[in-house]
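Undergrad: Attaching a single structure in structure tokens format; questions to follow.
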Amino acid sequence: MQTRFFIRKFSIIIVALACFFAFAVLLHAQEPAELLQPSISISPDIFYTLEEVLYIEGRGTPNAPVLVLIQKQGARPIKFTVKADVNGEWVVAEKTFLEAGDWEVRAQAVEAGRASDWSNPRLIRSVVTGITVANIQFKYVTLALILGGVVIMSILLFVYFSIRVRRLRKAILTKETSEIRQRAAEGFRAIRNGVLDELRTLEAHAANGQLTAEELTKKERMLDELHHLEDSIEQEVRDVENLA
């Protein structure tokens, strides 16, 4: 009888202990896992911000969100939030702009209002190979190409308009030369006709034997002046043509 009572009491104690341990295990299972301090394993020492994608890699608590903070004194901090995989590995691969200088990057696991300690900082030196205009980044190489294109275009335009001006000037001078030649021919024709009329009068006097020595000299002088005038007009026309 006592043995049976002892066995029953012992069984109750065993069941109570089993329930207690099961309850303790259940409570422990419901407690959130401890957030591990993340670590940064890969980050660039030098980052060409206009040419490269920022790549940072590390490890932390599996399946936990990771806050990656990049900051520089006097500059606005940059934040990225990524999630670690089942192995605790996380990656940041973003195209972003960092001002020139040394930036500090750290990581922290955050979940449900809890946060781990910050990781050890890593330094990234950002190199800017261009300028920013109206929130648009231009590389120095691109600016050099644009400037070179502008210079070449300016030279081509200068050559083009120089040729056009020379052609226009030549056309104007050619037209003026033609007009001068025409007016000179008309003027010379009128003068020549007047001289010829005078010579015919002198020849008529000579036929009648009335030509004096003075009239003979006048005839020769008029012929010389006529030839000289013709040569002068031709020379003036040639000078104008040479200007064209």
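Undergrad: Let me spell it out: the conditions are (1) within 28 Å of the chain's Cα centre (by Cα); (2) part of a loop (DSSP other than H, G, I, E, B), and Thr61 meets all of them except one. Which number is the exception?
TA: (1)
Undergrad: Could you grab the pairs with beta carbons closer than 6 Å, sequence gap of 6+ or different chains, first residue in the range 141-169 and in contact (Cβ under 8 Å) with a residue 60 or more places away in the chain, second one in a helix (DSSP H, G or I) and exposed (fewer than 10 other Cβ atoms within 10 Å of the Cβ)?
TA: Every condition considered, no pair remains.
Undergrad: Report, by residue number, each residue of the range 101-135 that is hydrophobic (A, V, I, L, M, F, W, C) and over 20 Å from the mean Cα position of the chain (by Cα).
TA: Result: Trp103, Val105, Ala107, Ala109, Val110, Ala112, Ala115, Trp118, Leu123, Ile124.
Just so you know, all these numbers are worked out from the coordinates, no wet-lab data involved. Just so it is clear, the model here is predicted, and its values are computed rather than measured. For neighbour counting, all protein chains shown are included, and Cβ atoms are generated from backbone atoms with ideal geometry for every residue, glycine included.
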